[in-house]
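Since the structure comes first, as structure tokens, the remarks are kept for the end.
The values are calculated or read from the model by the stated rules, or taken from the named source; none is laboratory data. What you are looking at is a predicted structure, and each value in this text was computed from that prediction instead of being measured. Ideal geometry is used to build each Cβ from the backbone, glycine not excepted, and the neighbour counts take in all protein chains shown. Heavy atoms of the whole protein, side chains included, go into the accessibility calculation; ligands, DNA and RNA do not. Shrake-Rupley method; radii C 1.70, N 1.55, O 1.52, S 1.80 Å.
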Amino acid sequence: SGPGIVAILTNGVRLASEPAQLPDGQFITDAEPIVLVRYSPDGALLCLATTDGRILLWDTASGRMRDTVIRVEGRPSVVIFSADSRRIAAVIPRVDAQVWDVATGTPLTPRLNHASSVYSAHLNSNGTRLVTSEWGSAAHLWDVNTATRIGGPLAHAGGVRLARFSPD
């Protein structure tokens, strides 16, 4: 198969099949500083989040950047794909999370507000539920289609740093 290692270097983002090849690997972008990268579960896309609040999508088959740009208000600290690679969730600075359609870049939810800092976000296998964790001692379950919380907070005595769905 093709390149599988991605690196954020001082001269841009590059791909290679071996770590030693990274400095001269396939060039992806020199967009505003990239703060995180993530492959889609099917490996077809590479998500690149920038400091200026853009989520760029690089097509691994064509080796080209897609025209779709997801706009985030602020620098995303977490970006995750749904298992079917059709949706992306991002944690937005401070107290929000949001979900977008990967094909169009259209927001599927408004900003989902929390009482304190959000640490993680994770979509279930079909992208219809989102679980978020926040420093304020709770995790929250959201219905992506209605952008509403499902039930009350899943409370914990200390900060909740990570919440995930099982693969099935």
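Conditions tested, residue by residue: (1) open to solvent by 30 Å² or more (accessible area, probe 1.4 Å); (2) closer than 30 Å to Pro33 by Cα; (3) modelled with pLDDT under 95.
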{"position": "Val118", "(1), (2), (3)": "no, yes, yes"}
{"position": "Ser125", "(1), (2), (3)": "yes, no, yes"}
{"position": "Trp135", "(1), (2), (3)": "yes, yes, yes"}
{"position": "Pro153", "(1), (2), (3)": "yes, no, yes"}
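Listed here are the residues, each with its yes/no results for (1) surrounded by fewer than 15 Cβ atoms within 10 Å (Cβ to Cβ); (2) out of contact with any strand residue (DSSP E or B) (no Cβ under 6 Å at 6 or more places or on another chain).
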| site | (1), (2) |
| --- | --- |
| Ala121 | no, no |
| Asp143 | yes, yes |
| Arg161 | yes, no |
| Pro167 | yes, yes |
_Tally of residues being touching a residue at least 40 places away in the same chain (Cβ under 8 Å) and of a type in the set (S, T, N, Q) across region 52-76_ = 1
*Please specify each residue of region 109-138 satisfying the condition of being free of Cβ contacts under 8 Å to residues at least 24 places away in the same chain, within 19 Å of Pro76 (Cβ to Cβ) and part of a strand (DSSP E or B).*
Asn113
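Taking strands (runs of 3 or more DSSP E) that fall entirely within region 1-108, which contain at least 2 residues that are modelled with pLDDT of 85 or more, touching a strand residue (DSSP E or B) at 6+ places or on another chain (Cβ under 7 Å) and open to solvent by less than 60 Å² (accessible area, probe 1.4 Å)?
Working: elements: 5-9, 12-16, 26-29, 34-39, 45-50, 54-59, 64-71, 78-81, 87-92, 96-101.
Output list reads 34-39, 45-50, 54-59, 64-71, 78-81, 87-92, 96-101.
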